[in-house]
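Just so it is clear, none of the values below were taken in a lab; they were calculated from the coordinates. Quick caveat, the model's predicted, so the values are computed rather than measured. Every residue, glycine as well, gets a Cβ built from its backbone with ideal geometry; the counts of neighbours run over all protein chains shown.
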Amino acid sequence: MQSFDVVVIGGGPGGMTAAMTLNQLGKTVAIVQAEHDSIGGVCLNRGCMPTKSLLKAATAYRYAKQGDKYGLNLSAEKVDLQRLRTIVDTDLDALRGMIAGMMGQAQVEVFYGFGSFQSAHEVMISQADGSSQVIRGEQIVISTGSETVELPFAPFDGQHILSSDQMLQNTEIPEKLLIIGGGAIGCEFATLYHTFGSEVTVVEALPTLLPREDQEAGRALQQAFEAQNITVKTGVKVEQIKVEGGKVRVKFDGIDTAEVVDMVLIGVGRRPIIDNLNLDAAGVVIERGAVKVNSAMQTNVPHIYAVGDVSGGVMLAHAAEVAGQMLAKNMVEGTSVSLADGAIPRVAFSHPEVAGIGASKESDGIRSFTMSVVPNGRSVVDKVAPAFVKLFVEEESSVVAGGIIVGEAATEMIHELALAVENRLTLEQVGKTVHAHPTHSANVATAVHMFR
């Protein structure tokens, strides 16, 4: 039986980063990665990267369709999703090659197969062909990620009712697409398929899109969507979904008329992957459907840790990546450092983009200031809508507590506010920063200077 200082179950952003950092700190490390994905997990194979590749294509297509407003004579032929998939696969292969090189340099041994506990120190690796082997770790990290949530009354069929994973494999542009869930995933796919020619409706049970964010920002995104002819229904719950005659009939709670569409995307959230890990064999405790950890990302079993989506909390790849670095140091140095949720940027790569950080609502000692239309020369020449910027500030100290941006390049601009939140910078300190002209980043400076 091969033995390692650390065995990491799951090679997504958290597990991969933890493994490489642990190796740098002098540990011998093995990763057990499920065979259906490469190292990089959902983010690389069925999440962040393929969606961004497709959204970049959508941006290029949108520019082509809107060539007139730039003074250009351009034509945009019908989108061939099969061809786009080929381009996306090329991008992903390049990324997989980069990661394989990094893992090789780090001298992390990779085992492909499904990892589960045989005991508190032993991990069984099961292959699809029925073979298996057992390896041992003095310490073990659980990093199995998350999976899409299925509605109990509407199981995925991969053709008419799809998960986000299945949607990424889709090669047909539906005439009518209904998206259930107005979070980041739903809004990104709404942008993608609307741009490619589908008639898109987004249904969200809560009062606004991106319901975990500031409601003003959610309404701003809804207005932008509706201006593009994307239909948005908020405060509406889905009661029934039925496939009939090749179409999907969707009935809403309290509404007599059903909606008939070609395809439904379910994007109502994700849940930790803990099934079949045989956690009982190791004595690991589960709480609210996730692996329970303390401030050091340590489970109730002292030598077993968990990082990323599997432990609940903020399910974002960049959060897991940074947490993986912190986890490695906790394991080696005995520290108890964890990632503060308020310092993690929250982003949606829709059109327009949305990005938030820190506080997302007023509370005792926190006040806000909104600029729903920020005057900006770059927006004019780029021919995009002006940005929406809302800042949250501690009343007594003027320390920036959070902010949210809706607009072009919001997912890039947010990092200035992230730096301010993480380092407790004041409005005055942020305002002293000289912003190049003309840039979208100047939207932040304008809002800071106008805060009152």
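Within segment 161-268, DSSP assigns beta bridges of which about 40% are antiparallel (rounded to the nearest 5). Spatially, segment 106-139 and segment 148-190 are offset by 33 Å when compared through their Cα centroids.
Compactness check for segment 352-450: Cα Rg over 2.2 N^0.38 Å is 1.00.
Couplings 3J(HN,Hα) of segment 133-145, computed from phi: 8, 10, 10, 10, x, 4, 10, 9, 10, 9, 9, 8, x Hz, in residue order, whole Hz [Karplus 6.51 cos²θ - 1.76 cosθ + 1.60, θ = phi - 60°; x for Gly and Pro]. Any chance you could give the angle, 0 to 90 degrees and rounded to 10, that helix 215-227 forms with the longest Cα principal axis of the chain? It is inclined by approximately 60 degrees.
Oblate is the label for segment 333-390. Its Cα gyration tensor axes, ordered a ≥ b ≥ c, give a/c of at least 1.5 and b/c at or above a/b. Phi-derived couplings, Karplus 6.51 cos²θ - 1.76 cosθ + 1.60 at θ = phi - 60°, listed residue by residue for segment 57-74: 4, 5, 4, 4, 5, 4, 4, 5, 5, 9, x, 4, 6, 9, x, 10, 9, 10 Hz, with x used for Gly and Pro.
When the trypsin sites (Lys or Arg not before Pro) in segment 266-346 are filtered for DSSP coil states and for at most 16 other beta-carbon atoms within 10 Å of their beta-carbon, the remaining sites are R288, K292.
Which shape class applies to segment 211-300: rounded if a/c is under 1.5, otherwise prolate when a/b exceeds b/c and oblate if not, where a ≥ b ≥ c are the square roots of the Cα gyration tensor eigenvalues? Here segment 211-300 falls in the oblate category.
Hull volume per residue, based on the alpha-carbon atoms of segment 1-155 and their convex hull, is 171 Å³.
Contact order for segment 298-360, expressed relative to its length and based on alpha carbon pairs under 8 Å spaced 6+ residues apart, stands at 19 percent.
Under 23 Å of direct C-alpha separation, and excluding same-chain neighbours fewer than eight residues apart, K65 reaches these lysines: K52, K56, K78, K176, K383. Starting from the Cα gyration tensor of segment 161-268, take the square roots of the eigenvalues, sort them a ≥ b ≥ c, and report rounded, prolate or oblate (rounded when a/c is under 1.5, otherwise prolate if a/b is larger than b/c, else oblate). Since a/c reaches 1.5 but b/c is at least a/b, the shape of segment 161-268 is classed as oblate. Distances between every pair of Cα atoms in the chain, grouped in 10 Å steps from 0 to the bin holding the largest one, split as 4, 19, 26, 26, 18, 6, 0 percent. Using θ = phi - 60° in the Karplus curve 6.51 cos²θ - 1.76 cosθ + 1.60, the 3J(HN,Hα) couplings for segment 399-409 round to 6, 6, 9, x, x, 9, 10, 10, x, 4, 6 Hz; x is entered for Gly and Pro.
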